[in-house]
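Heads up: the structure comes next, in C-alpha cells.
The values are calculated or read from the model by the stated rules, or taken from the named source; none is laboratory data. Because the structure is a prediction, the values reported are computed rather than measured. The accessibility values were calculated without ligands, DNA or RNA, using every heavy atom of the protein model including side chains. Shrake-Rupley method; radii C 1.70, N 1.55, O 1.52, S 1.80 Å.
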Amino acid sequence: MRRPLPLLPAFAALLLLTACGSEHGGTRNGGVGASGSTPGAQVTEPAVDGVRITSVTLPSASATLSASGGGPVEAERLPADPGAGSDISAAYEVTNSGTEELTYTIRFEFRTSAGEVMSSEPVTVRSVGAGRTVRGTVRRGMLEPGSSLVTTVKVGEVTKVPADEAPTEAGVCPPSGIRVSADDGDAAMGLRVVGLVLENCGKRDYTLDGYPQVSLLDGDQEPIDGVEIFQGSGGISTVTGFDDPPRPVTLKPGERASAGLMWRNTTDFGTAVDVPYVRVRARSDAAPVTVTPHLDLGTTGKLGVSPWRNMPE
C-alpha cells in the first residue's frame, strides 16, 4: 500500500512541474531580480524535509542579507514601507531523496525580526521524481502600507504525499473523473469538524452510497492505531447530518457531494493522537486520495464520519 511521506492560503500558488533531472519550477508571484530589486543573494541553510531556500532577492539595492548558524535568511535593511510595492522573493529547491514520485506542499513564512509571520505563502510542487530536484521562486504577498518590516524568510511546513494520491488542483480533472479535497474545518469548544468535498468533474454520472472510507496515517507513513472510526457521530456530539441514514447519491457532471469528519481534541489521561494525513476513498472501488487536514484528536480515541450528501448549488 502506497503511503504519504512525512509532513504541509494568502495567495494560492501552484507550480506544475515535470520532474526530470534538475529542473526549474518557475516563480511564485514574481521572480528573482525583478525591477527595483537586488540580485538574488546566495545563502546556505539546512533543508526542511527536502526543501531549501537557496537565495533571497531584496527590494532595494541598499539592502543586505545574512544567514548564520543554519537559521532563517535575514534581510538586514529594507525600505520603510514594505507594503508600498516592494517585495522580497526567495529562490528554493525541492529534492526528493525517496524512492517514489512525490507531490510537495510548502508553506513559506515571511517574518519580522521579532518572529511575527507577516505573510504565509503556500506553494504546491507536483510530481517530483525519486532522486530529482526542482527549483522555483516564491514572492511575498503584498502587505498593507505601514506593516512591520519583513526581515526573515523561512520554510514553515512541508507535506509530501505520493504523486498519484495527491488532490488535483482546481480546473484539472483526474482520470477517475472525481476530485476529492478537504476544507479548512470548523471548531467550537473542543469540537472539530472537517469537511470532505467530492466533485464529479468527469463526463458521466457518479454514484455514492454510504460513507467515505478513511485511513489515518502518522508522520512516519504508518497507520495510526488506537483510534476508533465510527460511521456516524459515534456519540462524540450531536451535529446535523452525521447520524442521518446513508442513501444513494448520484452526481451528474459538475455536481458535488460532501461528508464530514468529527472529533474532540480534549486531553485527559494518556497520549494525545496527532493525525497529519488522512487517506480517503470515495467508495470501495475508488482510487485513494491523501489529504492533510491535520487532525488533533487529543486522547478521546474517536473519529466520526458522516455519510455522503448532495451539496446545494
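Okay, here's what the table says:
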{"item": "Accessible area expressed per residue, the range 198-257, with surrounding protein chains retained (probe 1.4 Å, Å²)", "result": "59"}
{"item": "For the range 176-313, average projected area of the Cα convex hull in nm²", "result": "8.2"}
{"item": "Kirkwood-Stokes translational diffusion coefficient of the range 180-229, alpha-carbon pairs, 25 °C, 0.890 mPa s, µm²/s", "result": "175"}
{"item": "Per residue, in Å², the accessible surface of the range 137-188 once ligands and nucleic acids are set aside, probe 1.4 Å", "result": "44"}
{"item": "Surface accessible to a 1.4 Å probe, Ile224 within the full protein complex, Å²", "result": "30"}
{"item": "Calculated Rg and Dmax of the range 93-172 using C-alpha coordinates, Å", "result": "15.0, 47"}
{"item": "Heavy-atom accessible surface of the range 151-190: percent carbon and sulfur, 1.4 Å", "result": "53"}
{"item": "Kirkwood Rh (inverse of mean 1/r, distinct Cα pairs), the range 140-206, angstrom", "result": "16.2"}
{"item": "Nearest-10 value in Å² for the accessible area of Arg126, using the 1.4 Å probe", "result": "40"}
{"item": "Whole-percent carbon and sulfur share, accessible surface of the range 212-313, 1.4 Å", "result": "47"}
